[in-house]
1. Could you check how many residues of the stretch 259-313 are in a loop (DSSP other than H, G, I, E, B) and within 30 Å of TYR239 (Cβ to Cβ)?
2. Which of the numbered conditions does LYS45 fail, given that it passes all the others? Conditions: (1) surrounded by 16 or more Cβ atoms within 10 Å (Cβ to Cβ); (2) within 15 Å of the ligand (Cβ to nearest atom); (3) of a type outside the set (Val, Ile, Thr).
3. Quick one: which of ALA80, ALA154, ALA86 is closer than 21 Å to ALA10 by Cβ and within 12 Å of the ligand (Cβ to nearest atom)?
4. I'd like to check something: does the stretch 254-271 contain any residue that is at negative phi, crowded, with 19+ Cβ neighbours inside 10 Å and not β-branched (Val, Ile, Thr)?
5. Can you tell me how many residues within the stretch 178-226 are surrounded by fewer than 20 Cβ atoms within 10 Å (Cβ to Cβ), aromatic (Phe, Trp, Tyr) and either within 25 Å of ILE82 (Cα to Cα) or within 9 Å of the ligand (Cβ to nearest atom) (or both)?
6. Here are SER110, SER129, SER118: which of them is over 18 Å from the mean Cα position of the chain (by Cα) and within 11 Å of the ligand (Cβ to nearest atom)?
7. Residues that are in contact with a Leu (Cβ under 7 Å, 6 or more places away or on another chain): list the helices (runs of 4 or more DSSP H) wholly contained in the stretch 80-178 that include at least 2 such residues.
Amino acid sequence: MKNYLITGVAGFIGSHLLEALIKRGDSVFGIDNFDSFYSKATKQKNIESALTYSNFTFLECDIRDSDSLKAILKENRFDAVIHLAAKAGVRNSLKDPKSYFDVNVMGTMSLLEEMRNSNHTKLIFASSSSVYGNNTKVPFSEADSVDCPISPYAASKKSAELLCYSYHHLYNFDIYALRFFSVYGPRQRPDMGIHKFFDAFLNGTPITMYGDGTSRRDYTFIDDIIYGTIEAIDSCRGYEVINLGESKTTLLKALIDEIGTITSKEVEINSLPMQPGDVIQTNADISKARKLLGYSPKIDIQTGLKRHFEYLIAQDQ
Ligand SMILES: NC(=O)c1ccc[n+]([C@@H]2O[C@H](COP(=O)([O-])OP(=O)(O)OC[C@H]3O[C@@H](n4cnc5c(N)ncnc54)[C@H](O)[C@@H]3O)[C@@H](O)[C@H]2O)c1
């Protein structure tokens, strides 16, 4: 049985990882500040059932609060820290860039410092496919240049990766920075496309489509991401950046059509220009994840969307 600290535990990915770890018998100490990007009630619901497990401890805490981190890391021995807490969302980062750097970079810095002070040296960091910016060579490989992030969010994730490397180099931390590609499934963040499109079809409200529908994303189902993350926790040695995607791409227009087919409904689609900060395409080369983690995504987009839909229907009943 292992003991883990998860930051951002009440979020979409954090709450799934939490459930997977406590169900396999590990202990989890989870922290989250219930950031106002989306509702606190949604996040509280995300961890509601996990709170009934005796091997889960939760504390409402901000990763920038060094004194609280110091106390948590002094009073517990963690086999690894899984750092998911962040200001997420590309578009919102253009509205409030300073807070993105404050949380995603300085928050990561305060966590790394308190880990160093307490002799905790294993970290899994949630990075993002957005660091690839508008790179035209696909699929995106970890060896590609990521010097041109096109949003403050992407720049903050790249900056945090750099900090992680420094702590690996200076203090011998074992760190895997996982670049997640557009994760979806039950509890997906409300600002994300699939969540918004299902809402629109189910409520009969119009969809706003940015661009002409030819942008592409590599959508990755939450169960595949959790599998890859747990393999990363179990095998983390040295410093590695690793893509976790599905490795196939879906056109935006095709995604909306598929959701229409699954819900058997039609909606009005209003087209607006591409938003600043949005990338044209994402597509993961996952050969490194296959090799290092035995990662092999199982859920294709049609199956994943159906599961997402079944979850929404069950919530409604
Ligand atoms: N969902 C995706 O498709 C995706 C893609 C790439 C990277 N990521 C990264 O994965 C991680 C999890 O993403 P998610 O989709 O679950 O987002 P999320 O917003 O649902 O979860 C993040 C959690 O972090 C918490 N948080 C924010 N600021 C905090 C702070 N200062 N102190 C403590 N907690 C704080 C939030 O309250 C939230 O519960 C994030 O780091 C995100 O950038 C997600």
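1. Let us first name the residues in the stretch 259-313 that are in a loop (DSSP other than H, G, I, E, B), namely 264-268, 273-280, 282-283, 285-286, 294-300.
Then drop every residue that is not within 30 Å of TYR239 (Cβ to Cβ), which leaves 277-280, 282-283, 285-286, 294-299.
Counting residues in the stretch 259-313 that are in a loop (DSSP other than H, G, I, E, B) and within 30 Å of TYR239 (Cβ to Cβ) gives 14.
2. (1)
3. Details: ALA80 fails: within 12 Å of the ligand (Cβ to nearest atom); ALA154 fails: closer than 21 Å to ALA10 by Cβ.
On inspection, the qualifying residue turns out to be ALA86.
4. The answer is yes; a qualifying residue exists.
5. 0
6. On the way: SER129 fails: over 18 Å from the mean Cα position of the chain (by Cα); SER118 fails: within 11 Å of the ligand (Cβ to nearest atom).
Exactly one residue qualifies, and that residue is SER110.
7. 108-117, 152-171
Per-residue answers, yes or no, for (1) under 21 Å from the mean Cα position of the chain (by Cα); (2) closer than 22 Å to VAL138 by Cα; (3) among the acidic types (Asp, Glu):
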site	(1), (2), (3)
ASP212	no, yes, yes
PHE221	yes, yes, no
CYS236	yes, no, no
ASN243	yes, yes, no
SER247	yes, yes, no
THR250	yes, yes, no
ALA254	no, yes, no
ILE262	no, no, no
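The values are calculated or read from the model by the stated rules, or taken from the named source; none is laboratory data. These figures come from a predicted structure and were not determined experimentally. Glycine also receives a Cβ, built like all others from the backbone with ideal geometry; neighbour counts cover every protein chain displayed. The area values use the complete protein model at the heavy-atom level, side chains included, leaving out ligands, DNA and RNA. Shrake-Rupley method; radii C 1.70, N 1.55, O 1.52, S 1.80 Å.
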